[in-house]
Amino acid sequence: MSFKSLSQPINFEQVKSLSKLTPAQEKIKAVRDQELKEIIEGKNDKILLVVGPCSAHNEEAVMEYVNRLAKLQEKVQDKIFMVPRVYTNKPRTNGDGYKGLLHQQNPEGESNLIQGIAAVRSLHNRVISETGLTTADEMLYPENLEFVQDLVSYIAVGARSVEDQQHRFVASGIDQPTGMKNPTSGNLKVLFNSLYAAQQKQEFIFNGLEVESSSNPLAHVVLRGGLNEYGENIPNYHYEDLLKVVNLYKAGSYKNPFIVIDTNHDNSGKQYKEQIRIVKETLFNRSWNDDMKKWVRGFMIESFLENGRQEADGKVFGQSITDPCIGWDETEELVNYIAEHA
C-alpha cells in the first residue's frame, strides 16, 4: 500500500494569493459576514437562505444564476439574507461519479486538483466581485479549508462527514457560521454531539501542525432527513421533529440556537419540487411555537436555472448534473413567498 505523488508540495500562501480579494471586496464581505453573524446570534430576525445548485459544475451557468439571485436579494433584503450555494466538491458514497469543480474543471474531463484549487478560488471571487454576494461551500476535505476560508461566508459539514472527529475539530476553528448536518441515519444525538464538539476549543493536528482551535459559537444544526435500515426516507422537518430539536437545544449548553431546514436530500426524497411544500409547511409550523419561530430561521434550497437534473454529458445550460433542483421561476416565486410569510 502506498501513495504516488502527483504534484510538488503545495505552497499555501501562493495558493491564497490567487483570486485574492481587493480591499473594496474585503469591505463588502466584512459587512455581509457581520450581518450573517447577527442573524445566527438572533440579533437580526431575517430568514437565512443558502440557495443554489447542488454542485457548481459550470462557471458561466453559476454566474448567470447568481446574478439573478443578486437582483432578487435586493427586492427581499428586508426579510431575507441569501447566501448562494457554490459547492465545489461533492461527496460520493462509493467514490464514483462527478466529485465537483475541485476535482474536474470539465465534468467529463480528467481530474486535476491543483488546477481545481485555482478554479474554485476564481469562482468564489467572481461571485463577490460581480454581484456583491458572498458564498457558501461544503467542507468535504478539512485540510482544504485554508484554500477557501478567506472567500466564503458560510460553510457546511455534510451528513457523511459530521460523525468524523477531524471535521468536528476543524469546524471548531472556523470563523464563519458552520452548518452541521444530521448524519444519514438521522440520529439527533450524533448531530448534537457534533455541534457540541464544534462549539468547544479543541487541540489536534491540522495540516502538519499541532493547533488549538478558538471554538465556533456560530456552529448550528441543519436538518436534512435520514434513511432507516430499510433505505426508506425519514424526514425531520415536521412540527414534532422541530420540537425535538428545540428541546435538545434547551437541554444543553449550546450557544446561539439556530436551525436550518435542508429542503432536499432525505427530507424530500430528492423529489425536488417537494422543496416548495416543505418550506411552506415549515413557515406555518413556526407560527405555533415561540422558540420555533425564534430558532427555525434558515433553509437550504437546491435551485438552478432549469428544473431537474441531467447526466454529466448533458448540454442543458443551468441544469444540475448531480441532485435535481427547482428551476429559476419556481425559485423566484418561493423566495417571494418566504418574504411575505416569514
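Bear in mind these aren't lab numbers, they're just calculated from the coordinates by the rules spelled out. Predicted, not measured: the structure shown is a model, and the values here were computed from it. In this analysis, Cβ positions are derived from the backbone assuming ideal geometry, glycine residues included, and neighbour counts consider all displayed protein chains.
Among the GluC sites (Glu not before Pro) within the range 248-341, those in coil by DSSP and having at most 15 neighbouring Cβ atoms inside 10 Å are Glu311.
In this Cβ point-charge picture (+1 for Lys and Arg, -1 for Asp and Glu), the range 23-341 has a dipole of about 720 debye about its Cα centre. The smallest convex shape that holds all Cα atoms of the chain, its convex hull, gives 138 Å³ per residue. Annotation for the range 117-203: trypsin sites (Lys or Arg not before Pro) lying in DSSP loop with at most 15 further Cβ atoms inside 10 Å of their Cβ are Arg160, Lys201. When you restrict to C-alpha pairs under 8 Å that are six or more residues apart and normalise by the size of the range 208-327, the relative contact order lands at 22 percent.
As a length-normalised measure over Cα pairs under 8 Å and 6 or more apart, the relative contact order of the chain settles at 17 percent.
Ranked by Cβ crowding within 10 angstrom, fewest neighbours first, how are Thr131, Thr331, Thr93, Thr88 ordered? Spell out each step's value before the answer.
Working: Thr131 19, Thr331 26, Thr93 8, Thr88 29.
Exposure proxy ranking, most exposed first: Thr93, Thr131, Thr331, Thr88.
The alpha-carbon of Lys20 sits under 18 angstrom from the alpha-carbons of these lysines, leaving out residues fewer than 8 places away in its chain: Lys29. Each of the chymotrypsin sites (Phe, Trp or Tyr not before Pro) that DSSP puts in a loop and that has at most 13 other Cβ atoms within 10 Å breaks the chain; the longest unbroken stretch is 4-229. Using a simple spin-label model with pseudo-atoms 7 Å out from Cα toward Cβ, Gln271 and Glu333 lie 1.7 nm apart.
Estimated from the Cβ-Cβ distance and a Förster radius of 22 angstrom, the FRET efficiency linking Asn187 and His341 is about 0.10.
Comparing His167, His238, His124 in a Gaussian network model of the chain, where Cα atoms under 10 Å apart are tied by springs, the biggest mean-square fluctuation is seen for His238.
Treating each Cα of the range 163-247 as an identical point scatterer and summing with the Debye formula, the log10 of I(q)/I(0) at q = 0.13, 0.21, 0.22 Å⁻¹ comes to -0.46, -0.93, -0.98. Measuring between alpha carbons in the structure, the pairs from Lys79/Lys201; Lys37/Lys270; Lys250/Lys280; Lys99/Lys273 lying more than 28 angstrom apart are Lys79/Lys201; Lys37/Lys270. With the simple spin-label model, which puts each label point 7 Å out from Cα in the Cβ direction, the Ser253 to Asn228 separation comes to 3.7 nm.
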